[in-house]
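Report on the structure given below.
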Amino acid sequence: MSNAPIGVFDSGVGGLTVLEALTARLPHEHFIYLGDTARLPYGTKSPETVARYSLQAAQALARYGVKCLVIACNTASSVGLPVITRYIENVPVIGVIEPGAQAACAASRSGNIAVIATEGTVRGGAYQQAILRIRPDAQVNAEPAPLFVALAEEGLNEGSIADDIANHYLRPMFGATEGAPDTLVLGCTHFPMLARAIRHAVGPKVQIVDSAETTAVSVDARLRKAGLAGTRSTEGVVRLLATDGRERFARVGSRFLKRPISPDEVELVDL
């Protein structure tokens, strides 16, 4: 079982930032990534629909014999994690929200923490609840930043457009000379693509928590604790699955995964 693949799923290509962080930290592990591109985005759908789609994606990956499931989608993590753990009991299931919340609480000196995410993630309150469970005295300001998703997917993550939109979302939260948050959680897997514009908008002193990186750390620790860490010495293999749009997945996903993806690498599956 230790040499079985790790399953990773998202509503689309955003979770490839999580996969990129995972492969960097765990280069000898095999991965199967599933992007539910036929039904994206999850962030605008009802919690019931997101939970159903998330369970279907998780069950599809479970059929490949994965040793661990990573929910590389903040919206799916916020509402799908309890359902998935109820139906899939034999493998660890790790979402992106808890690791991000833990890292934010550890990074913040003042306890004043900001979160930017999709509308669905903010509305569901998952980050707010997770942070307050860990640090009850925290002040959490969560705001949606939906245009960041489109910028990341269109490759407009740097330049004047990205800077203007980052300022639009973030200056109201971070522009005050006193009482501004000292930590910002990137609560959507698309948002690390706009790291430079976000940094410029919040300034050099704010701690920025990338949930992709924190999730990779959490997965590594969980596998080691469960005795499931891979034992091979060769480089792992990444298998890419999508439910629609092989060409678009390859074109947009190449930027997120930070390596070229050929459409031939992408297998179309039906959930």
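Quick notes on this one:
- Annotation: the residues Thr215, Thr243, sorted from fewest to most other C-beta atoms within 10 Å of their own C-beta, follow the order Thr243, Thr215.
- If you wrap the Cα atoms of the chain in a convex hull and average its projected area over all directions, you get 13.5 nm².
- Each part gets one Cα centre, and for region 184-218 versus region 43-84 those centres are 23 Å apart.
- Binned Cα-Cα distance frequencies in region 98-211 - 5 Å width, integer %: 2, 13, 25, 26, 20, 10, 3, 1
- Placing +1 on each Lys and Arg Cβ and -1 on each Asp and Glu Cβ, with no other charges, gives region 1-76 a dipole about its Cα centre of roughly 140 debye.
- Taking the number of Cβ atoms within 10 Å of each Cβ as an exposure proxy, the fewest-first ranking of Cys105, Cys188 is Cys105, Cys188.
- Helix 16-25 axis, angle to the chain major axis (alpha carbon atoms, nearest 10°): 80
- Rough spin-label spacing in nm, given labels placed 7 Å along Cα→Cβ, for Arg171 and Arg86: 4.6
- Theoretical gain in end-to-end length, Arg251 to Glu267 [0.36 nm per residue, Cα-Cα removed]: 4.3 nm
- Rg followed by Dmax, in Å, when region 1-137 is reduced to its Cα trace: 14.9, 45
- You can think of it this way: the chain between Arg109 and Ser233 has 40.6 nm of extra reach, that is 0.36 nm per residue less the Cα-Cα gap.
- Approximate spin-label separation Ser2-Tyr64, in nm, with each point projected 7 Å along Cα-to-Cβ: 2.2
- Percentage, to the nearest whole number, of Cα pairs in region 13-67 over 17 Å apart: 47
- Simple Cβ-charge dipole of the chain, Lys/Arg +1 and Asp/Glu -1, about Cα centre, in debye nearest 20: 580
- Evaluated with a Cβ-only charge set (Lys, Arg +1; Asp, Glu -1), region 18-153 carries a dipole of roughly 220 debye about its Cα centre, given to the nearest 20.
- P(r) tail for region 172-218: Cα pairs beyond 13 Å make up 57% of the total.
- Alpha carbon Rg of region 78-146, scaled by the compact-globule rule 2.2 N^0.38 Å: 1.18
- Exposure proxy ranking for Lys258, Lys67, Lys205, Lys45, based on other Cβ atoms within 10 angstrom of each Cβ and starting from the fewest, stands as Lys205, Lys258, Lys45, Lys67.
Where a number appears in this text, it was derived from the coordinates with a stated rule and is not lab data. Because the structure is predicted, anything quoted here is derived from the model rather than measured. All Cβ positions, glycine included, derive from the backbone under ideal geometry; neighbour counts span all protein chains shown.
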